[in-house]
Amino acid sequence: MALILGILMFMGLVLIHELGHFISAKRSGVKVLEFGIGIPPKVCKLRTDKSGTEYSLNLIPLGGFVRLKGEDPKDEADFQAKDSFIKAKIYKKALILIAWVGMNLILARALFSAIFTMGTQPISILPENAVLSTQNSYLMPTVNFLAQEGFISGNLTSSPAKIEKVADGLLGQKMGLLSWDTILSINNDPVDVRNIGNILKKNINQDITLVFERGNKKTTTQTHCPADNCILWLTFSAGEIDIKPIKFSFPQSMRIGMKEIKAQTSLTFSALGTLGSDLLSLNKNRIKSSLNKLTGPAGAIKFWESLLNAWGRKLYLWFAGMISLALAIFNILPIPALDGGRLLGVLIQWIARLKPEKYFNIEWYINLIFFILLMGMGIYILLKDLVHYRAIKIPFIG
């Protein structure tokens, strides 16, 4: 059931993204030829509305698409029609291409606001020198920020890493850890609740030796801390620290939800900067490590499944908000084949006063090349996720 909910949630978020294109195109007078649920190959046509838009059901349940009139330069009749995308005014083109940003941001804000209205514990306590330490994130705060906001009290000195809960089927459980074990060290570095994240980060993609205490007995366990998922998936007892639920009234939650979007956006762009730096470094190990950290729909769905089974609907909603925000950020990047790249192309054509027909033919081929490259990377990430999360054997992948 959790897996099914994960697939439906991911598909719903992508369809909301495409709905932004769909509504803005309809309102701008650009004909929508097809609104597809799922990714081709096509299974069947569901219906055709009065304006001629076909609604189709497709085989791969990982999103959807919107096909506009005049996007194929080989179809001269559609290409030259008044209700085609290429003949639309510049502001209408821009609106169609960026409308999805509003849809995804509205959804992310709604989900974050719902979490804060219901009340939640932090997703993760970050060290004081973390990227978001100055961004005032409520879902991923530092201890000092929680204390400043009045959500934490008691002895703020470091507490022993006593496990409260172990997520099923993930790294911590595979290492034999149980609730109420206390982690003492990782690779001989002493561990407490405030430094365990940094210690794991230091040992990414390495073998780790973990010493824990159960009752009065010390036990050693070993494993490899994978580059793409070096997380133990544990929650820890707060010890002498009392963390109050982070809860606000609905109007306050709407404001805090917007602040959370800003904080998470900062983290995302920081991660993208690191990824870009690694991929352009020409260093084989850095490139491989960065590619291993990437995940796609299969990894996201597995993560959702784990969250729902282990920690319930609030973290499930948090991750849905994060994916919605990530869709907005990723697609606005000025890369050909993405909406941000297409918007950049439209602006170049308008500023340079290039003839739409000639420029669009060139842009179409550029977008096609980048689409193939992005799809190739997407397929590689999908296969890698299937190997890692579903233990599927794939030649040359795993």
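The values are calculated or read from the model by the stated rules, or taken from the named source; none is laboratory data. What you see is a predicted model, and the numbers here were worked out from it, not measured in a lab. Backbone-built Cβ (ideal geometry, glycine too); neighbour counts: all protein chains shown.
Out of everything in the stretch 24-36 that is closer than 20 Å to L57 by Cβ and either among the hydrophobic types (A, V, I, L, M, F, W, C) or touching a helix residue (DSSP H, G or I) at 6+ places or on another chain (Cβ under 9 Å) (or both), what residue ends up being surrounded by the most Cβ atoms within 10 Å (Cβ to Cβ)?
V32
How many residues does the stretch 14-63 contain that are on the phi < 0 side of the Ramachandran plot, among the small types (G, A, S) and outside any loop (DSSP other than H, G, I, E, B)?
5
What number goes with the only condition from (1) modelled with pLDDT under 85; (2) closer than 30 Å to F145 by Cα; (3) not in a strand (DSSP E or B) that D168 does not pass?
With (1) modelled with pLDDT under 85; (2) closer than 30 Å to F145 by Cα; (3) not in a strand (DSSP E or B) applied to D168, the lone miss is (2).
Looking at the stretch 37-56 only, could you name the residues that are of a type outside the set (G, A, S) and either over 28 Å from the mean Cα position of the chain (by Cα) or loosely packed, with under 14 Cβ neighbours inside 10 Å (or both)?
P40, P41, V43, C44, K45, L46, R47, T48, D49, K50, T53, E54
Being closer than 30 Å to A110 by Cβ and in contact with a strand residue (DSSP E or B) (Cβ under 7 Å, 6 or more places away or on another chain) is true for just one of P245, P251. Which residue is that?
P245
With the checklist (1) within 19 Å of D168 (Cα to Cα); (2) modelled with pLDDT under 90 in hand, flag the one item N205 doesn't pass.
Checking N205 against (1) within 19 Å of D168 (Cα to Cα); (2) modelled with pLDDT under 90, the one that fails is (1).
Within the stretch 318-363, how many residues turn out to be at negative phi, hydrophobic (A, V, I, L, M, F, W, C) and not in a helix (DSSP H, G or I)?
Within the stretch 318-363, residues that are at negative phi, hydrophobic (A, V, I, L, M, F, W, C) and not in a helix (DSSP H, G or I) number 6.
Residues that are surrounded by fewer than 17 Cβ atoms within 10 Å (Cβ to Cβ), in a strand (DSSP E or B) and in contact with a Gly (Cβ under 7 Å, 6 or more places away or on another chain): does the stretch 210-221 have at least one?
Among the residues of the stretch 210-221, at least one is surrounded by fewer than 17 Cβ atoms within 10 Å (Cβ to Cβ), in a strand (DSSP E or B) and in contact with a Gly (Cβ under 7 Å, 6 or more places away or on another chain), which makes the answer yes.
Yes or no: F10 out of contact with any Pro (no Cβ under 7 Å at 6 or more places or on another chain), closer than 30 Å to L317 by Cβ, in the same structural domain as I332 (by TED's automatic domain parsing) and not β-branched (V, I, T)?
The answer is no for F10.
When both residues are 6+ apart or on different chains and their Cβ atoms are under 6 Å apart, which pairs have a first residue that lies in the stretch 264-278 and is outside the structural domain of I335 (by TED's automatic domain parsing) and closer than 12 Å to S137 by Cβ, and a second that is at pLDDT below 75 and crowded, with 16+ Cβ neighbours inside 10 Å?
From the stretch 264-278, the pairs are S266/Q135; L267/V131; L267/L132.
So is F85 modelled with pLDDT of 85 or more and buried (at least 16 other Cβ atoms within 10 Å of the Cβ) or not?
In short, yes.
Exactly one condition in (1) farther than 23 Å from M375 by Cβ; (2) in contact (Cβ under 8 Å) with a residue 12 or more places away in the chain; (3) out of contact with any helix residue (DSSP H, G or I) (no Cβ under 8 Å at 6 or more places or on another chain) is not met by D49; state its number.
(2)
Among the residues of the stretch 344-357, is any loosely packed, with under 15 Cβ neighbours inside 10 Å, of a type outside the set (G, A, S) and at pLDDT below 75?
Yes, because at least one residue in the stretch 344-357 is loosely packed, with under 15 Cβ neighbours inside 10 Å, of a type outside the set (G, A, S) and at pLDDT below 75.
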